[in-house]
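**Q** Handing you a structure now.
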Amino acid sequence: MNIQMVDVKRQYLKYKKEIDDAVLKVLESGQFINGPDVHKLAEEMQHYLGVKHAIPCASGTDALQLALMALNIGPGDEVITTPFTFVATAETIAILGANPVYVDIDEKTYNIDPGLIQKAITKKTKAIIPVHLYGQSADMDPIMQIANQHKIPVIEDAAQAVGEKYRGKPVCSLGLVGCISFFPSKNLGAYGDAGMVVTSDDKIAEKIRMIANHGSKVRYYHELLGVNSRLDTLQAVILRIKLRHLDEWNKKRREIAQYYSEKLKNSAVTPPYIANYAQHIFHQYTLLVNEGRDEFQKYLNEKRIPNAIHYPIPLHLQDAFKKHSRYKKGDFPKSESAAARVISLPMHPDLTREELDYIIEMIHSFFKN
Ligand SMILES: Cc1ncc(COP(=O)(O)O)c(C=O)c1O
C-alpha cells in the first residue's frame, strides 16, 4: 500500500487532461503573469467567499505580509495571535519590525482562546490574527466583538481553511482581511507557491493591490514602497479547475474524518473536536495522544503510515523569535501541551476505504500491546 499524507499526484491524474490542456493554453498565450485567468480566479474567489475583492499573490506568507503592510504595521507595534500555528503567522509580523503578542489556545479546538485576548490588548495593539487551524474556524464572534470594541482590525489566517464556514459564513469574510495559501498540499493547492488576500474594504484592497505590485498603480510610478508578489497564470488556471471541486473535496474530507473518528473513538487517542459554530474542512486530521506520542510516531513510520506533527514547537519557544522575545517556557501551557501531544494522520479526499482501514487497524494494534 502506498499511502500518502496528501496525494497530489493521485489528484492530478484524475483531472490530468483538463489541467494539461489549460496549462498548454497558457504556454501558448505567452501571458505568464497576471494573465486573464488570474483575474477570472479572483472573481470566482470573490463570489465563492462572498467578498468584494480578491488579490492574488505569490504565497500565503506574502498574503499575511501584504495585509500587515497595508495596515501600516511596523516597528513598535503589537499584533495579537496564537503561538500554536505555522511560523508564517508570526514571522510576517516580526519581519516588519512589529512584535507578535501571543494568546494561548482553547485546548479542544487548538485555536486562539477569545477569552484571553482582552488581557493582551495594549495601546500598541494594531491587529489581531486568529488562525483557522487544521481547517476549523476560530470562534470569530467573540473575537470580532473585542476587536470592534477596541477598533482593532482582524486579519484571518485562513491558509488552512478555504471553504470552511463559521456559523454558516465563509471564513475570510468575517474579519477586515482574509489570507489564503494555495501551497500544493493545501485543500485548494496550486502546483507551486501561490496565495491570495481577500477583503470587502475598498481602500485596503486598493492599497494591497499596489503593495503587491511595487507600490504602483501606473507602471513605473511608485506611490508606496511595495514588494513583488503576483500570481502566475499557470497557477491560476490550475486553481480555477480545482476550485470547481473544492466543496466536494471538503465534504469528502469531513466524511473521512468522521470515519476515522468513529473507528478510533474508543481507543487511547483522542479524535479531533468539532465546535458547534464550525464545519471543519479537515485540512489536517490531528489526533491527541496523551502519552508516548514519539513511540507512536516511530511505529507509524515503521508501518509506512505517513504522519506529521503540526507543530512540535510553539512559536514563543522557536529560536528565530528568541532575540526579541519576552516569552519563556510555561507561558502558554495549552499550546505547549498540544505541541507535545498532537499528531496528524494522512488526510486527502482520495484516501480509499482500504487505506483508512489499514491505518485504523494499525493504530488499534499499537495501543493493544
Ligand atoms: C497557518 C498558516 N499560515 C500561513 C501559511 C503560509 O502559507 P504559504 O506556505 O503559502 O506561504 C501557512 C502555510 O503553510 C499556514 O499553514
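Each reported figure results from applying straightforward, stated rules to the coordinates on display, with no laboratory input. Since this is a predicted model, take the numbers as computed values, not measurements. Cβ sites come from the backbone with ideal geometry, for glycine too, and all protein chains shown count toward neighbours.
**Q** Considering only Cα-Cα distances, which of the following residue pairs are longer than 30 Å: LYS169/LYS203; LYS207/LYS329; LYS17/LYS251?
**A** Working: LYS169/LYS203 23 Å; LYS207/LYS329 39 Å; LYS17/LYS251 24 Å.
Too far apart for the 30 Å limit: LYS207/LYS329.
**Q** Further question: Could you sort 239-249, 54-64, 105-115 so that the peptide with the highest average Cβ count within 10 Å comes first and the rest follow in order? List each step's numbers first, then the result.
**A** On the way: 239-249: 15.9, 54-64: 26.5, 105-115: 20.6.
Put in order of decreasing packing, that is 54-64, 105-115, 239-249.
**Q** Okay, next question. Run the numbers on the range 188-344 and let me know its relative contact order in percent, using alpha-carbon pairs under 8 Å that are six or more apart.
**A** Details: 144 pairs, mean separation 26.2, N = 157.
Here the relative contact order equals 17 percent.
**Q** Suppose only helical runs count, i.e. DSSP H with n ≥ 4. What mean residue ellipticity at 222 nm does that imply for the chain under -39500 (n - 2.57) per run, divided by all residues and rounded to the nearest 500 deg cm²/dmol?
**A** Working: 13 runs with 144 residues, N = 369.
Result for the chain, helices only: -12000 deg cm²/dmol.
**Q** Report the calculated FRET efficiency for LYS322 and GLU361 (r = Cβ-Cβ distance, R0 = 56 Å), to the nearest 0.05. Working shown, then result.
**A** On the way: r = 43 Å, r/R0 = 0.77.
The calculated FRET efficiency here is 0.85.
**Q** Another question, then. Let me know the charge dipole size of the chain about its Cα centre in debye, to the nearest 20, where only the beta-carbon of Lys, Arg (+1) and Asp, Glu (-1) is charged. List each step's numbers first, then the result.
**A** On the way: 46 positive and 43 negative charges, 54 e Å.
Charge dipole, the chain, about its Cα centre: 260 debye, nearest 20.
**Q** If you take every DSSP beta bridge fully contained in the chain, what fraction is antiparallel? Give it as a percent rounded to 5.
**A** Of the beta bridges lying entirely in the chain, close to 65 percent run antiparallel.
**Q** Residues of the range 6-40 with the amide nitrogen closer than 15 Å to a label point 7 Å from the Cα of HIS47, along Cα-to-Cβ, please.
**A** Within reach of a label on HIS47: 37-40.
**Q** How big is the gap, in Å, between the Cα center of the range 162-183 and the Cα center of the range 25-104?
**A** What the calculation gives is 12 Å, centre to centre.
**Q** Normalising by the residue count of the range 128-212, find the relative contact order in percent from Cα pairs under 8 Å and 6+ residues apart. Before the final figure, lay out the partial values.
**A** Details: 149 pairs, mean separation 19.3, N = 85.
Reported as a whole number, the value is 23 percent.
**Q** Order of 75-84, 332-341 by packing, highest average Cβ count within 10 Å first? Before the final figure, lay out each step's value.
**A** Values: 75-84: 21.5, 332-341: 19.1.
Per-residue mean Cβ counts within 10 Å order the peptides as 75-84, 332-341.
**Q** Taking a cut-off of 35 Å, what percent of all Cα-Cα pairs in the chain are separated by more than that? Provide the component values of the computation, followed by the final result.
**A** Working: 16630 of 67896 pairs.
Percentage above 35 Å: 24.
**Q** Here's another thing I want to ask about it. What's the extension gain from ARG219 to ASP247 if we count 0.36 nm per residue and subtract their Cα-Cα distance?
**A** Working: separation 28, 0.36 × 28 = 10.08 nm, distance 3.80 nm.
Separation in residues times 0.36 nm, less the Cα-Cα distance, equals 6.3 nm.
**Q** Turning to a different aspect of this structure: For TYR259 and GLN118, what does the FRET efficiency come to when R0 = 41 Å and r is the distance between their Cβ atoms, rounded to the nearest 0.05?
**A** Values: r = 39 Å, r/R0 = 0.96.
So, using R0 = 41 Å, E works out to roughly 0.55.
**Q** Which of the listed residues, ILE363, LEU174, PHE296, is farthest toward the dipole's positive end in the chain, when Lys, Arg count +1 and Asp, Glu count -1 at the beta-carbon?
**A** LEU174
**Q** Starting from the Cα-Cα distance between GLU295 and ALA275, subtract it from 0.36 nm times their residue separation and give me the gain in nm to one decimal.
**A** Contour length minus Cα-Cα distance gives 4.2 nm.
**Q** Looking at the range 104-185, send over the antiparallel percent of its DSSP beta bridges, to the nearest 5. Walk me through the numbers on the way to the answer.
**A** On the way: 3 of 8 bridges.
So the antiparallel bridges in the range 104-185 amount to around 40 percent.
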